[in-house]
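Have a look at the structure below, then the notes.
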Amino acid sequence: MSQHRIAPAVSALALALAAGPALAASAVTGTVTYTGKVPNLKALAMDADPACAAKHTSPVANEMLTLGPGNAMANVMVRVKSAVAGSFTAPASPAVIDQDGCQYHPHVLGVMVGQTLKVKNSDGLLHNVHALPKVNTPFNMAMPANRTEADTKFGKEEGMFLIKCDVHPWMSAFVGVFANPFFAVSGADGKFSITGLPDGTYEIEAWHEKLGVKTGTVTVAAGKPATIDFSFAPPGS
Ligand SMILES: [Cu+2]
């Protein structure tokens, strides 16, 4: 049995600040909502590997659309698309993705250029981590049952790309590599928070694995947090 909850949206800035100088404290927050017809998605079928199926006692929700109360959308990567003045150092602490219950947790995550991505294997099963970036170098790394973790990092900025497992075709995660810490993934309540932005006007991009990209513009000023909400629906709905 493997039970997971999506963590609240957390800006990577909290980590970056630990290693760098203090920045202005303007924030961009918002909520991501799904407005289309809610599809009846099939649960993930893990029967092909009974060891995976045995880790679950109830159907495993399809990860391609994760909705909370009020059709709040989780797993949307929100980032500041505009250039941000300054240079930003990757956090010393790693971003972590775990193979647990034959799923990747989290399903969507961001790392900074040069930040360690720690890939854990909590399952005690054979997985392989097949990363398919286009700018960075793709890799396909076997993780046998007794290999509990492996570290990697990405040297170049790159938008969201797929990580999959060739042993378990239902396993997928999406990773983005960013030059600054101004990104956050929407939580189970659809909310995200990007903090510490210098004052200015920025284009904000929201990315979803099936429903594409939305953009909007916000202006942040010290003491005046900006709000921007996003909504997604399938084409034609
Ligand atoms: Cu696997």
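The values are calculated or read from the model by the stated rules, or taken from the named source; none is laboratory data. This one's a predicted model, so the numbers in the text were calculated from it and none came from an experiment. For neighbour counting, all protein chains shown are included, and Cβ atoms are generated from backbone atoms with ideal geometry for every residue, glycine included. Keep in mind that these areas ignore ligands, DNA and RNA; they rest on the heavy atoms of the full protein, side chains included. Shrake-Rupley method; radii C 1.70, N 1.55, O 1.52, S 1.80 Å.
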Read through the list (1) outside any strand (DSSP E or B); (2) crowded, with 18+ Cβ neighbours inside 10 Å; (3) within 16 Å of the ligand (Cβ to nearest atom), then give the number of the only condition that G124 fails.
-> (2)
Working carefully through the options A173, A179, find the one that is touching a residue at least 40 places away in the same chain (Cβ under 8 Å), within 13 Å of the ligand (Cβ to nearest atom), at negative phi and under 17 Å from the mean Cα position of the chain (by Cα).
-> A173
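In the range 157-181, which residues are farther than 30 Å from P144 by Cα and either open to solvent by 40 Å² or more (accessible area, probe 1.4 Å) or modelled with pLDDT under 95 (or both)?
To start, the set of residues in the range 157-181 that are farther than 30 Å from P144 by Cα comprises 179-181.
Across the range 157-181, the qualifying residue is only A179.
Can you pull out every residue in the range 146-170 that is within 16 Å of the ligand (Cβ to nearest atom) and of a type in the set (A, V, I, L, M, F, W, C)? So that I can check it myself, show each step before the final result.
Within the range 146-170, the subset within 16 Å of the ligand (Cβ to nearest atom) is 146-150, 162-170.
A150, L162, I163, C165, V167, W170, listed by residue number.
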Any chance you could count how many residues in the range 182-200 are at pLDDT 95 or above and either out of contact with any strand residue (DSSP E or B) (no Cβ under 6 Å at 6 or more places or on another chain) or surrounded by fewer than 16 Cβ atoms within 10 Å (Cβ to Cβ) (or both)?
-> 2
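Is it the case that K81 is within 16 Å of the ligand (Cβ to nearest atom), open to solvent by 10 Å² or more (accessible area, probe 1.4 Å) and more than 11 Å from the chain's Cα centre (by Cα)? Spell out the reasoning first.
Working: within 16 Å of the ligand (Cβ to nearest atom): no; open to solvent by 10 Å² or more (accessible area, probe 1.4 Å): yes; more than 11 Å from the chain's Cα centre (by Cα): yes.
No; evaluated as a whole, the condition is false for this residue.
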